[in-house]
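The values are calculated or read from the model by the stated rules, or taken from the named source; none is laboratory data. Just so it is clear, the structure is predicted and the values come from calculations on it, not from any experiment. Cβ placement follows ideal geometry from the backbone for every residue including glycine, while neighbour counts extend to all protein chains displayed.
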Amino acid sequence: MKPAIIPQPRKITYTGGISRANALSEIKISHSSEIPSEGYRLTLKNDIFHIICSDDAGEYYARNTVKQIVSTCGCVCPDLEIYDFPAFAYRGLSLDCARHIFEISDIKKLIDAAALCKMNVFHWHLTDDQGWRIPIDGYPLLTQTGSRRKKSNFRGLKEDGEYCGFYQKDEIREIVGYCAKRHIEVIPEAEMPGHTTAILASYPEFGCTGKEIKVQTKEGIFDTVLCLGNEKIYDLIFAILDEICELFPGRYIHIGGDETPRTEWKKCEKCAKKAEELGITDLDAFQGQFIKSVAAYLRSKGKTAITWNESLKGGQLEPGDVMVQYWMGNKEYTDDFMSKGGRIIQSDFFHYYCDYPLAMTPLKKTYDFEPEKTGKKADSVYGIEAEMWTEFINTFEGICEKYIPRLQIIAERAWCSDDAPGFDSFMKRFERLRALTEQCGVKIPASEKLKINPLLRIPKIIEFFAGVPDFNTIKNSIFNSK
Ligand SMILES: [Zn+2]
């Protein structure tokens, strides 16, 4: 039987013979600069695997392919030759540990599943309105106060009693090291200037009003944002970023920059004065200028800032300032940024947001999305990323149920985007790799649960969005997005 491999390698040739392939099979390694970065050539002949690669990542991915071949072919495997390299340099998965926090041991299981399908970025969302999860020595209240909310009142997920928790610095280092061994770069996200209720609950003086507030207990977008007219916010932010840079040795730091209401800025004298000094009348530009300053600080520390696409709206950000993560809306600004040579990560809400029900985003819809056709200048798409937000998920089992096999689908598109072999082929290979994937410690939904009855899509979407005021707009957008 032919092996099942995810992501599907771009070229497999069966060379005629039969070999034994098992966990004890000999693996020879040699190097060639002709193989692209992260790529490899793999042959199986006379019971021996031979890997040729140009770097350690290539060897790691080839060994993962060997693991999949051994798992799905048993001891009788057709001799073969594989040539493979990834379509995108950035192949990410995210996890929101701000709304709900997850055990380090569980995060490792998810990382193992992502490594098996050759992803190379873990985007770790660590701060939000509902909780701050990373210790900052210079501002201890961020965890002492900001990591605690008095209850959880999310739509469809309500829990009485205080919810709290944050990671120790050693635990964070443990995850960074664990990922590094698997050729996965960890990108932390600390949200600013919006999604900052947990900061302001800890240090109210950094808000426009200075009023005491509580860490949020429900999902949503909140007016409690950083006061950009207060020069001292830069002391706070740079201190936070200094400590984050020390913990995370990677190239990128995500600074959020999405969903920031202007309500309080409009009423704030300090913000008005600052905007006047900057010669800015438009609050989108006011935010853009802030993101630009923070990105410049990170650049001075050898890092590149990533921001959500909303921050492009003010027109302040140039391709050299930031890398942009696209999720929804403002396509024209993103197109403009790309046409100037800016790099983006594609995480389209209607295809790559994996926390939503299958009724809303069926697996095939995610598979068929063509990230390489994003925007006017396709080669500006630097990578793609699967998103996992946790307002409505509070267990690791819940994460697995929603994430798998979407994670593997997005990994396949990240690896062989332009000639992916199709959803039916994917599902057959996924089922054959189910046991190997489960060895990572993740629980995969039963096969029948992954199929969606088209007639039940609308009722299930209505059930999920019960109580959301602009539901009809959302419903139309879901069905209009191909
Ligand atoms: Zn202000």
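See the values below:
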read-out	value
Unique match (being more than 25 Å from K303 (Cα to Cα) and within 15 Å of the ligand (Cβ to nearest atom)) among I199, I221, I237, I213	I213
Lone qualifier among F122, F49 - being hydrophobic (A, V, I, L, M, F, W, C), outside any helix (DSSP H, G or I) and within 19 Å of A414 (Cβ to Cβ)	F122
Residue ranges of helices (runs of 4 or more DSSP H) in segment 251-313 with at least 2 members surrounded by fewer than 18 Cβ atoms within 10 Å (Cβ to Cβ) and within 12 Å of the ligand (Cβ to nearest atom)	263-267, 269-278
Members of segment 27-60 that are among the hydroxyl-bearing types (S, T, Y) and within 16 Å of L80 (Cβ to Cβ)	Y40, T43
Close pairs from segment 1-30: first part of a strand (DSSP E or B), partner polar (S, T, N, Q) and surrounded by fewer than 21 Cβ atoms within 10 Å (Cβ to Cβ), Cβ under 7 Å, at least 6 apart	S19/N46
Unique residue being touching a strand residue (DSSP E or B) at 6+ places or on another chain (Cβ under 9 Å), surrounded by 18 or more Cβ atoms within 10 Å (Cβ to Cβ) and either at pLDDT 95 or above or β-branched (V, I, T) (or both) when the list is T217, T197	T197
Neighbours by Cβ (under 6 Å, 6+ apart or cross-chain): first from segment 49-67, outside the structural domain of S37 (by TED's automatic domain parsing); second not aliphatic (A, V, I, L, M)	none
Unique match (being within 16 Å of the ligand (Cβ to nearest atom) and not assigned by TED's automatic domain parsing to the domain that holds T65) among G146, G165, G138, G194	G194
Criterion violated by T437 - all others in (1) surrounded by fewer than 22 Cβ atoms within 10 Å (Cβ to Cβ); (2) in contact with a Pro (Cβ under 9 Å, 6 or more places away or on another chain); (3) in a helix (DSSP H, G or I) satisfied	(1)
Selection count, segment 100-123, where residues are touching a strand residue (DSSP E or B) at 6+ places or on another chain (Cβ under 6 Å) and either without any contact (Cβ under 8 Å) to a residue 40 or more places away in the chain or farther than 28 Å from P36 by Cβ (or both)	0
Positions within segment 37-56 being out of contact with any helix residue (DSSP H, G or I) (no Cβ under 6 Å at 6 or more places or on another chain) and surrounded by 14 or more Cβ atoms within 10 Å (Cβ to Cβ), in sequence order	R41, T43, L44, K45, D47, I48, H50, I52, S54, D55
Any hit, segment 226-234, residues being in a helix (DSSP H, G or I) and either within 16 Å of the ligand (Cβ to nearest atom) or over 28 Å from the mean Cα position of the chain (by Cα) (or both)	yes
